[in-house]
1. Please enumerate the residues belonging to the range 266-292 that are more than 15 Å from the ligand (Cβ to nearest atom) and assigned to a helix (DSSP H, G or I).
2. What number of residues within the range 40-50 satisfy the criterion of being part of a strand (DSSP E or B) and farther than 19 Å from Thr7 by Cβ?
3. How about the range 141-172: which of its residues are at positive phi and either among the small types (Gly, Ala, Ser) or touching a Gly at 6+ places or on another chain (Cβ under 6 Å) (or both)?
4. Filter the range 423-442 down to the residues that are in a loop (DSSP other than H, G, I, E, B) and within 12 Å of the ligand (Cβ to nearest atom), then identify the one that is farthest from Val298 (Cα to Cα).
5. So, Thr263, is that one within 16 Å of the ligand (Cβ to nearest atom), modelled with pLDDT of 90 or more and under 27 Å from the mean Cα position of the chain (by Cα) or not?
6. Is there a residue being more than 15 Å from the ligand (Cβ to nearest atom), within 30 Å of Arg294 (Cβ to Cβ), out of contact with any Pro (no Cβ under 8 Å at 6 or more places or on another chain) and of a type in the set (Asp, Glu) anywhere in the range 308-322?
7. Consider Thr445 carefully, then state whether it is in the same structural domain as Arg132 (by TED's automatic domain parsing), among the β-branched types (Val, Ile, Thr) and at pLDDT 95 or above.
8. Cβ contacts < 8 Å: first residue among the polar types (S, T, N, Q), restricted to the range 409-421; second residue within 12 Å of the ligand (Cβ to nearest atom), any location; separation 6+ or different chain. Result?
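The values are calculated or read from the model by the stated rules, or taken from the named source; none is laboratory data. Please read all numbers here as calculations on a predicted model, not as lab measurements. With ideal geometry, Cβ positions are generated from the backbone for all residues, glycine too; neighbour counts draw on all protein chains shown.
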Amino acid sequence: MSTAPRTVDELTGPRPLPVVGNLVRMRTDREGHRAYDRWAREYGPTYLLRFGRMPIVVSGDGPIVEAVLRDRPHGFTRTRVGPVLEGLGIDGVFGAEGERWRRLRKLAAQSLNAAYLREYFTTITRSGTRLRTRWASAAADGRPVDVLDDMMRFTLDVTTTLAIGHDLNALEAAGDGLHRRLAELFPEIGRRLYAPVPLHRWITLPRDRRRERAMREVDALVRVAYAEARSRAATGAKPRTFLEALAGVADVTHEELVGNVLTMLLAGQDTTSSTAAWTLHYLSRHPEAQQRVRNEAVAAFGPSGMPADPGPLRALPFTDAAIREAMRLRPIAPVMGFRPTRDTVLPGTGYDLRLPAGQSILLLLAHGARSVDDPDAFRPERWLGDNPPTPAPLHPFGAGPRFCPGHNLALVEVALVTALLCRDFRLTPDGGPVGEKLAFTAFPTGLRLRLGVGQ
Ligand code: HEM
């Protein structure tokens, strides 16, 4: 390209208000994060916002998104999330940068390696059985189920067992418990990420005290589990949990252990539970698609019981397509923030973009979701066959060196619960409005389903 790269000042975007910039419009805009996509259609895929006086570049332009995601860890770092996580004691691979990230990433990738999935599968099916029992009881009583809450209990049980070997059993627990306090820890990240004023630095609320209690409990659990993990590592046995993988590393501090365990719980819980919840939401509104998932599950798993290994999950192409379609319509990470470590020029579609070191850029990871036929329709079929769509950018698991290391595990969890619950229950909407909220991840609100039984 012969023209000079465009600078940040040359970008256009929605008009900022004095002092607050575009913040008020962001907060009052009922579309939430969808406003970013609408502005990309209005002002072009790369545009400018102001948070207060701070300029923020936003881009859903495929080549720019790819270039940023791939140029890590050296060229770009995550924005804001690192310090927010560190402030909450969740100091692990997600927020780490540079050489520290490289070391932690290797450990995370090793312990989430596809080779372990077979061993993890028993944990996943144990939690799947409990979830089914919980739903059978709701069906017998004629009660609707709170889908997101139940999916969070399921993923929390799975990730706690895989991270530290501790069975929290949130699916069968009643009343208060660590799972409830942990459930309060993670929304705090969203609150701190999007708070215009960091009130938490000066005011301690009851929820802060509950969170501190959860941290102390996790700390104690990790201390005990790590002592056991070290004894096991000393025998040369293959690690079975994330903590056991860390036990083989000499220079890891107690804070790093707690931070990394919490990171796994954080990265593995909300993400997977929201994806499963949205998939069930769409299937409840599309009875024919739901029946196709049911038929597939009966053929792959049999009319009752649980598969003994992950093999039958490979025989669920339609279920897999339904999950992809739910991720296209409701990505849990639609927007992610980055910052260049040095002055850089990014190759855009119509023009190149010059970014000075430290300039925040928000990437729209799912802007390509609308570049398919009939983009608002839930059509799993579009992912089947030899020519599935390749809308760019559409990166539900990110891309490049920091691509989600838990994606195999996540897809096994979501496929198992989706197929199992559709096989054993008829899902219908409860009738109330279903919304979406963006905290650390985007998640459904008000999602209740009624359950019928019978195939
Ligand atoms: C459907 C479920 C999931 C989705 C949609 C998802 C999505 C993502 C995304 C978008 C990122 C950022 C990637 C990037 O920066 O390029 C990420 C990072 C990460 N995810 Fe997942 N994730 C899911 C489940 C999981 C699970 C089950 C685990 C592990 C238990 C996990 C562990 C991680 C970790 C450790 C990172 C940080 C990687 C790094 O910074 O190097 N995720 N995930």
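1. Leu283, Ser284, Arg285, Pro287, Glu288, Ala289, Gln290, Gln291, Arg292
2. The total comes to 0.
3. Hits for the range 141-172 are Gly142, Gly165.
4. Result: Phe440.
5. Spelling it out, it is not the case that Thr263 is within 16 Å of the ligand (Cβ to nearest atom), modelled with pLDDT of 90 or more and under 27 Å from the mean Cα position of the chain (by Cα).
6. yes
7. When the stated conditions are applied, Thr445 does not pass them.
8. Close Cβ pairs satisfying both conditions: Thr418/Ala276; Thr418/Thr279; Thr418/Ile323.
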